[in-house]
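The values are calculated or read from the model by the stated rules, or taken from the named source; none is laboratory data. Everything numeric in this text was worked out from a predicted model, so none of it was measured. Reconstructed Cβ throughout: ideal geometry from the backbone, glycine too, with neighbour counts over all protein chains shown. The accessibility values were calculated without ligands, DNA or RNA, using every heavy atom of the protein model including side chains. Shrake-Rupley method; radii C 1.70, N 1.55, O 1.52, S 1.80 Å.
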Amino acid sequence: MAPPAPQSQPQATRPKRPNLLRFIAMIILALIILVGIAVLIIWLVLRPKHLEYSVEDAAIHNFNLTDANHLYANFDFTIRAYNPNSRVSLYYDSVEVSVRYEDQTLATNAVQPFFQSHRNVTRMNVRLTAQTVALYDSVPKDIKLERSSGDIELDVLVRARIRFKVGVWKSKHRIMKIFCSPVLVHFSKAKSFERASCDVEL
C-alpha cells in the first residue's frame, strides 16, 4: 500500500500593515502647517509692535528717615504707556506699581483698570506711600548718602494683568512685567526730571 501523499500546509496569511499611524501623522502634520500659515497671515495683517513704557516724571515728598531706620515718604510717578499697534487694543484688568531701592520694596499701590485703544498714549499717575518701612543692611546708610547728594536712584516695577483685543476677538489673560531702572529722582524741585525707559517682559 502506497504511503499517503504529504499534504501541503496552508501558508499563514500575513496581516496587512496598518496605515492608521501614518494617516494620523499626516493629519497632525497638515494641522501644524495650517496653524503655521494662519499665524503667519495674522502676523502679516496685524504687524504687532512692541509696547513701550517710560517714566515721564517723578518726585518725592515728606521724606523722613528716622534714627530707627524707618522710612516715611511719598513717591509720585507718571508712567507713560504707548500702544503703537494699529489694530491691537489692550485691557489692563489689574495694575500694581512698586518702588524699590537696592532690591528692597519701599511702597506699592494699585492703578485703576483701564482700556487702551490702538495707537494710544495713556499716562498713569500713581502715588506710592512708604509708611514706617523698616530698612535693613546697608540700605539706610546708602539712602542717607543719596539724600545728602540731592538725588536718589530708584527702581519702578509694574505688574499688569492684561488682555489683547483685535476686532471682536479677545485673548486670555497674560501677565506683563515692566521694569524701569534707574529712575533718578531729585529731592529738589529746581532740577528737571529726565525720562527713564522701561523693559517689558510678556
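Structure notes:
- Restricting TYR92, TYR136 to those that are outside any strand (DSSP E or B) and aromatic (Phe, Trp, Tyr) reduces the list to TYR136.
- Inside region 154-202, residues that are in a strand (DSSP E or B), within 15 Å of the chain's Cα centre (by Cα) and not small (Gly, Ala, Ser) make up a count of 19.
- Whichever residue in region 109-137 is open to solvent by less than 60 Å² (accessible area, probe 1.4 Å) and over 30 Å from LYS170 (Cα atoms) and, among such residues, is nearest to the chain's Cα centre (by Cα): LEU128
- Within region 26-49, being within 25 Å of the chain's Cα centre (by Cα) and modelled with pLDDT of 85 or more holds for one residue alone: LYS49.
- Filtered residue count, region 166-202, keeping only those that are in contact with a strand residue (DSSP E or B) (Cβ under 7 Å, 6 or more places away or on another chain), farther than 21 Å from GLU96 by Cα and surrounded by 13 or more Cβ atoms within 10 Å (Cβ to Cβ): 3
- One residue alone among ARG147, ARG100 is part of a strand (DSSP E or B), charged (D, E, K, R) and surrounded by 13 or more Cβ atoms within 10 Å (Cβ to Cβ), and that residue is ARG100.
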